[in-house]
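Here's the structure, in structure tokens; my notes come after.
The values are calculated or read from the model by the stated rules, or taken from the named source; none is laboratory data. Everything numeric here is computed off the predicted structure, so don't read it as measured data. No Cβ is skipped: glycine too gets one built from the backbone with ideal geometry, and neighbour counts run over all protein chains shown. Surface accessibility is based on the protein's heavy atoms, side chains included, excluding ligands, DNA and RNA. Shrake-Rupley method; radii C 1.70, N 1.55, O 1.52, S 1.80 Å.
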Amino acid sequence: MQEPETPRHRSETLWEAGLVWLLFGLAAIAVFETYWRLPPSELWKVTGSGLVGGAGRAFVFLSFSAAVAAPPVLAIVVDRLDDRRATVAGLVAFLLCATVAIPGVQTPSRLDAKWSNLPAVVGVFLSVALTVWAMNSGRAERSRTSRAGDRARLVVAAVLLVASAPYIAAELGFFLDGVPVLGWIFQTGRIRPEPGGGHLHAAVHHGHHHGLDGFLLAIGVLLLSRLNGTIRRPLLRTATAAYLSLMLVYSLTNLANDLWIEQVVKRGWTAWEIPDVLQPSASAAWAAMVVVAAAFYVVLFRPRDARRSDVARLPHVARE
């Protein structure tokens, strides 16, 4: 007589990877709705409007930050599936998403949809499909995390949520003016000159910002770091840890860059700006990011022996 299957524990179902895609999906819906509803004059670097404009901007959004988040998800779900077909599909998805780094594919000065965005979008959808497959049929594996580590993740996530409030509001198409506390902390609807451009615009324009990309990617790191230790292939586990380290530095720098310009520079407090690191480049800023990412890898993300339990200290929040 066949024994009934035991329901898998919540920690074994890859809910973290599913939540990453849910957050990006909700953001894409918000982008679609806001860019459909509002005219280009209230948005940033787009020319389309209505249904086409909304769909086009959501398409560009998925081709960028969602594609950046895909590689560590692919590493985790392909390892869980341990299936040759999944490995091939995961490699194809990775290569498609990697096109986001090709010069000219992402053009911050022109955010209308382009054919060059298509490969990354296809890679993202393939990554989502592999995640669903792994959640339903992948190997059961408990994430090796500590309560202290998860509490630290929640604290960091809460801080990021508050810091990203202007961009969440902008994504939904409204300002924080008049909102208790947040409306006092952040300037959003005030008309300010754009640094370097001179033209007047709302301090935090409606629509999508790379600050929100930074928020989503940072939350992705917090979630996926719970699963990195479950990867059984040592080289893949190490590569994923290294990628998560750089992804965290990249996300925080982009969030800080956007906040600094809109909340400090646009108030006239200083003309100095945090360097733009949106696209990879041979620059001092990117060199500094790589150095910090290496430090994060050693202190936070370096894989440990799976047989060792987590040490309940903040510096080990991602050392699973």
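Key figures
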| item | result |
| --- | --- |
| Helix runs (DSSP H) in the chain reaching 15 Å along axis by Cα, Kyte-Doolittle at least -1.0 | 15-37, 50-61, 67-81, 84-98, 118-137, 147-163, 210-224, 234-263, 284-296 |
| Protection proxy ranking, peptides 137-149, 23-35, average beta carbon neighbours within 10 Å, highest first | 23-35, 137-149 |
| Accessible area per residue, Å², the chain with all protein chains present, probe 1.4 Å | 49 |
| Pairwise label distance in nanometres, E33 with I102, each label 7 Å out on the Cα-Cβ vector | 3.4 |
| The stretch 229-283 shape via C-alpha gyration tensor axes, a/c threshold 1.5 | prolate |
| For the chain: relative contact order, % (alpha-carbon pairs under 8 angstrom, 6 or more apart) | 20 |
| Distance (nanometres) between label positions extended 7 Å along Cα→Cβ at V179 and L235 | 4.7 |
| Helix-only mean residue ellipticity at 222 nm for the chain, each DSSP H run of n ≥ 4 adding -39500 (n - 2.57), per residue, nearest 500 | -17500 deg cm²/dmol |
| Distance between the stretch 136-182 and the stretch 219-261 - C-alpha centres, whole angstrom | 15 |
| Cα centroid separation, the stretch 65-108 to the stretch 42-61 (Å) | 25 |
| Per residue convex hull volume, Cα atoms of the stretch 127-168, in Å³ | 101 |
| Over the stretch 117-209, relative contact order from alpha-carbon pairs under 8 Å, at least 6 apart, % | 21 |
| Two-decimal ratio, the stretch 126-233, of alpha-carbon radius of gyration to 2.2 N^0.38 Å | 1.46 |
| Relative counts (whole %) of C-alpha pair distances in the stretch 96-178, using bins that are 5 Å wide | 3, 11, 10, 10, 12, 22, 18, 11, 5, 0 |
| Bins of 10 Å from zero: percent of alpha-carbon pairs in the chain | 6, 25, 34, 23, 10, 2, 0, 0 |
| Whole-percent carbon and sulfur share, accessible surface of the chain, 1.4 Å | 68 |
| Enclosed volume per residue, in Å³, of the convex hull spanned by Cα atoms of the stretch 181-303 | 133 |
| Cα gyration tensor category, rounded, prolate or oblate, for the stretch 23-156 with a/c compared to 1.5 | prolate |
